[in-house]
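Q: Handing you a structure now.
The values are calculated or read from the model by the stated rules, or taken from the named source; none is laboratory data. All of these numbers come straight from a predicted model, not from anything done at the bench. Cβ coordinates were reconstructed from backbone atoms using ideal geometry, including for glycine residues, and neighbour counts include every protein chain displayed.
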């Protein structure tokens, strides 16, 4: 049984907030791990992004959406622990 995730394992966005309902695998099925902003057709949209760049990107997006800086920082603190970034 595949593990079900509540948040994208690349950027930490809640998967239920994904306008497309999640990324897609190469066979067209929905990804249970990644959002459509990070992942589609079985691959990452930005395969070369580093974990630090992802944290900076997500923090800036959250601030754009009106989140205070300290909250944006709290939300992005866990990104290195997500499946994509575990080495």
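Q: Exactly one condition in (1) within 17 Å of residue 3 (Cα to Cα); (2) not in a loop (DSSP other than H, G, I, E, B) is false for residue 35; which is it?
A: (2)
Q: May I pose another question? Suppose we keep only residues that are modelled with pLDDT of 95 or more and closer than 13 Å to residue 13 by Cα within segment 73-87. Which one would you say is farthest from the chain's Cα centre (by Cα)?
A: Going through the qualifying residues, I end up with 77.
Q: Looking only at segment 38-87, which residues are more than 20 Å from residue 20 (Cα to Cα), touching a helix residue (DSSP H, G or I) at 6+ places or on another chain (Cβ under 9 Å), touching a residue at least 24 places away in the same chain (Cβ under 8 Å) and not in a helix (DSSP H, G or I)?
A: Hit for segment 38-87 is 82, nothing else.
Q: When only residues in segment 9-34 that are farther than 18 Å from residue 65 by Cα and in contact with a helix residue (DSSP H, G or I) (Cβ under 7 Å, 6 or more places away or on another chain) count, which is surrounded by the most Cβ atoms within 10 Å (Cβ to Cβ)?
A: Selected residue: 10.
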